[in-house]
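Okay, so here's the structure we're looking at.
The values are calculated or read from the model by the stated rules, or taken from the named source; none is laboratory data. Computed from a predicted structure; not experimentally measured. Note that each Cβ is placed from the backbone with ideal geometry, even for glycine, and that neighbours are counted across all protein chains shown.
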Amino acid sequence: MNIQGQAALVTGGGSGLGEATARELARLGAKVAVLDLNMANAERVAAEIGGVAVHCNVSDADSMAQAIQTAAAAHGPARILMQIAGIGTAKRVVGKDGKAAPLEEFAKVINVNLIGTYNAARLFAEACTQLDPMEDGARGVMVFTASVAAFDGQVGQQAYSASKAGVVGMTLPMARDLAQHGIRVCTIAPGLFKTPLLASLPEPIQQSLAASIPFPARLGKPSEFAELACHIVSNDHLNGEVIRLDGALRMAPR
């Protein structure tokens, strides 16, 4: 799909990997809707790239549906969904106090990362099926965000790893499901990237994390994630695939 002139939705577009992806899409000529819970961040990014900021909670059905409608009113129906919004947490199953981890914390991560991804996908796909097909019958493309934690999660990452493994697990069946409608689905599983969260850590910790990556021995750049996400859109034969973007990193137990 040629990105030039297409309407695109970027969830979590107000910061980190989402912001970088929104900027790359705009650079390539897309009309970008920056969807985020943090409207200050969304408005900042949207203003700088000539896009539109839209308040959105991906795990809420009404909020996501409204966000798609608001973006369509500004740019026309979207053919590109970059589902990047997510949260992370670390909690041992049994803490040092001998008490089990709170169930609601596990449920919250699953709700945002996994159910939120499915919610965004189902509503975007519904809208896409109403569009006229383009070349090769294509109607739309979705790119999800998992993590290397889906494959080698560390101690305390039960909720995060489970949520991202769920995203990985539904990529192929969803691509098969939506093939009849000309909608492609792929997932990126990033490793350690220099997002605002990691950038806020002390420099020695950042250097230690970077040293764990075989090559290049540095934290990933958000722009590298964005470039891959946009390549997936433009490469019509990429479908149903999960791509690790991690410098050959395999996470240690802790």
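If the requirement is being over 23 Å from the mean Cα position of the chain (by Cα), surrounded by fewer than 17 Cβ atoms within 10 Å (Cβ to Cβ) and at negative phi, which of these qualifies: GLY137, GLY88, GLY95?
On inspection, the qualifying residue turns out to be GLY95.
Does the range 39-51 include one or more residues that are modelled with pLDDT of 95 or more, out of contact with any Lys or Arg (no Cβ under 9 Å at 6 or more places or on another chain) and not in a helix (DSSP H, G or I)?
Within the range 39-51, not a single residue is modelled with pLDDT of 95 or more, out of contact with any Lys or Arg (no Cβ under 9 Å at 6 or more places or on another chain) and not in a helix (DSSP H, G or I).
Does THR70 count as of a type in the set (Ser, Thr, Tyr), closer than 30 Å to VAL155 by Cβ and under 22 Å from the mean Cα position of the chain (by Cα)?
no
Check MET251 against each of (1) at pLDDT 90 or above; (2) over 18 Å from the mean Cα position of the chain (by Cα); (3) hydrophobic (A, V, I, L, M, F, W, C) and name the one condition it does not meet.
Against the list (1) at pLDDT 90 or above; (2) over 18 Å from the mean Cα position of the chain (by Cα); (3) hydrophobic (A, V, I, L, M, F, W, C), MET251 comes up short only on (1).
Quick one: is VAL93 in contact with a Phe, Trp or Tyr (Cβ under 9 Å, 6 or more places away or on another chain) and touching a residue at least 40 places away in the same chain (Cβ under 8 Å)?
no
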